[in-house]
Amino acid sequence: MARDIEPAAPEEFGLVQVWWGDGKGKTTAALGMAMRAVGHGYRVHLLQLMKGGAASVESVRGEYNAIAALPGFSYENAGHYGWHAMNDGSADADHEREARAGLDRARDLVAAAGEADLDAPLDPEGSPEDGVNMLVVDELLYAADRGLVSPGEVVELVESKPESLELVLTGSHTRPEYLLDHADLVTRVAKEKHPIDAGQRARKGTEF
């Protein structure tokens with residue numbers, strides 16, 4: 001039975017989660033978990049890297065509209081049009097610039113959480129600079145895998161995390177060995193079969 005959402009402070013947040021693999025569902029899983037947290041009155045922010053749009057994907061993703069309708073959930077996109085190292089008309093230097101800006105933004109949000117009182121309920125309408133209980137940095141591991149940011153910088157971000165912040169990192173088809181000793185949860189999303197291999201383009205409502 002549903003009930004009204006009241007701002008609350010989580011009692012057991014503070015872990016580092018890593019979602020990687022060549023299967024579809026890393027971002028989807030993180031968003032589902034974020035929605036669950038928001039349903040308990042916790043403050044969540046989604047920061048997306050690498051996802052700046054492409055010819056087969058609309059710039060306004062379905063999750064953005066859904067997030068805007070949920071109290072306590074906010075998002076921002078630090079991606080660049082196209083995809084790094086692909087012949088899609090985008091410049092790799094632009095991808096690197098945007099990825100580094102995204103990492104800097106993640107650092108600022110982690111630092112802001114460290115300044116906030118995460119043991120007290122946070123204002124669902126407040127800015128993420130006022131603190132969040134869960135920060136999802138989507139596709140950061142892809143940026144590290146492609147050399148747009150360094151693995152060491154990702155580790156530094158994790159190590160700077162305040163104790164009560166739940167930090168969720170996604171991306172990369174390559175196992176992030178550099179994070180295994182720093183993460184509390186590591187999930188590999190493995191592909192058995194994917195319609196993209198048969199030429200299916202990204203579909204509205206499932207991929208964006």
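The values are calculated or read from the model by the stated rules, or taken from the named source; none is laboratory data. Quick caveat: nothing in here was measured; it's all calculated off a predicted structure. All Cβ positions, glycine included, derive from the backbone under ideal geometry; neighbour counts span all protein chains shown.
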**Prompt:** Can you name every residue in the range 120-132 that is closer than 30 Å to residue 152 by Cα, part of a loop (DSSP other than H, G, I, E, B) and out of contact with any Leu (no Cβ under 6 Å at 6 or more places or on another chain)?
**Reply:** 127, 132
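Condition first: of a type outside the set (Val, Ile, Thr) and more than 17 Å from the chain's Cα centre (by Cα). Now tell me which residues in the range 1-39 satisfy that.
Within the range 1-39, 1, 2, 3, 4, 6, 7, 8, 9, 10, 11, 12, 39 qualify.
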**Message:** Residue pairs, Cβ under 9 Å, 6 or more apart or interchain, first in the range 50-77 and within 20 Å of residue 105 (Cα to Cα) and of a type in the set (S, T, N, Q), second crowded, with 19+ Cβ neighbours inside 10 Å and at pLDDT below 90. List them.
**Reply:** 77/51; 77/52; 77/61
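Sort through 161, 191 and tell me the only one that's in contact with an Asp or Glu (Cβ under 9 Å, 6 or more places away or on another chain), not hydrophobic (A, V, I, L, M, F, W, C) and not in a helix (DSSP H, G or I).
191
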**Message:** Pairs please, first residue from the range 105-134 and under 18 Å from residue 37 (Cβ atoms), second anywhere and polar (S, T, N, Q) and outside any loop (DSSP other than H, G, I, E, B), Cβ atoms under 7 Å, 6+ apart in sequence or on different chains.
**Reply:** 128/74
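Every residue, every condition in (1) in a loop (DSSP other than H, G, I, E, B); (2) of a type in the set (Ser, Thr, Tyr); (3) modelled with pLDDT of 95 or more, yes or no:
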residue: 1; (1), (2), (3): yes, no, no
residue: 4; (1), (2), (3): yes, no, no
residue: 10; (1), (2), (3): yes, no, yes
residue: 23; (1), (2), (3): yes, no, no
residue: 32; (1), (2), (3): no, no, yes
residue: 41; (1), (2), (3): yes, no, yes
residue: 60; (1), (2), (3): yes, no, no
residue: 64; (1), (2), (3): no, yes, no
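State whether the residues of the range 159-169 include one that is more than 25 Å from residue 43 (Cα to Cα) and of a type in the set (Ser, Thr, Tyr). Steps first, answer last, please.
If we filter the range 159-169 for residues that are more than 25 Å from residue 43 (Cα to Cα), which is where we start, we get none.
Within the range 159-169 (the criterion being more than 25 Å from residue 43 (Cα to Cα) and of a type in the set (Ser, Thr, Tyr)), the answer is no, since none of the residues qualifies.
Given the residues 104, 197, which is the only one that is in a helix (DSSP H, G or I), among the acidic types (Asp, Glu) and closer than 16 Å to residue 78 by Cα? Quick ask: steps written out before the conclusion?
Working: 197 fails: closer than 16 Å to residue 78 by Cα.
Testing whether each residue is in a helix (DSSP H, G or I), among the acidic types (Asp, Glu) and closer than 16 Å to residue 78 by Cα leaves just 104.
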**Asked** Does the range 131-153 contain any residue that is over 20 Å from residue 21 (Cα atoms), touching a helix residue (DSSP H, G or I) at 6+ places or on another chain (Cβ under 6 Å) and loosely packed, with under 15 Cβ neighbours inside 10 Å?
**Response** no
**Asked** What single numbered condition from (1) part of a loop (DSSP other than H, G, I, E, B); (2) out of contact with any Lys or Arg (no Cβ under 6 Å at 6 or more places or on another chain); (3) buried (at least 17 other Cβ atoms within 10 Å of the Cβ) fails to hold for residue 175?
**Response** (3)
**Asked** When you scan the range 133-158, how many residues do you find that are assigned to a helix (DSSP H, G or I) and closer than 19 Å to residue 8 by Cα?
**Response** 0
**Asked** Would you say residue 202 is within 15 Å of residue 24 (Cα to Cα) and assigned to a loop (DSSP other than H, G, I, E, B)?
**Response** yes
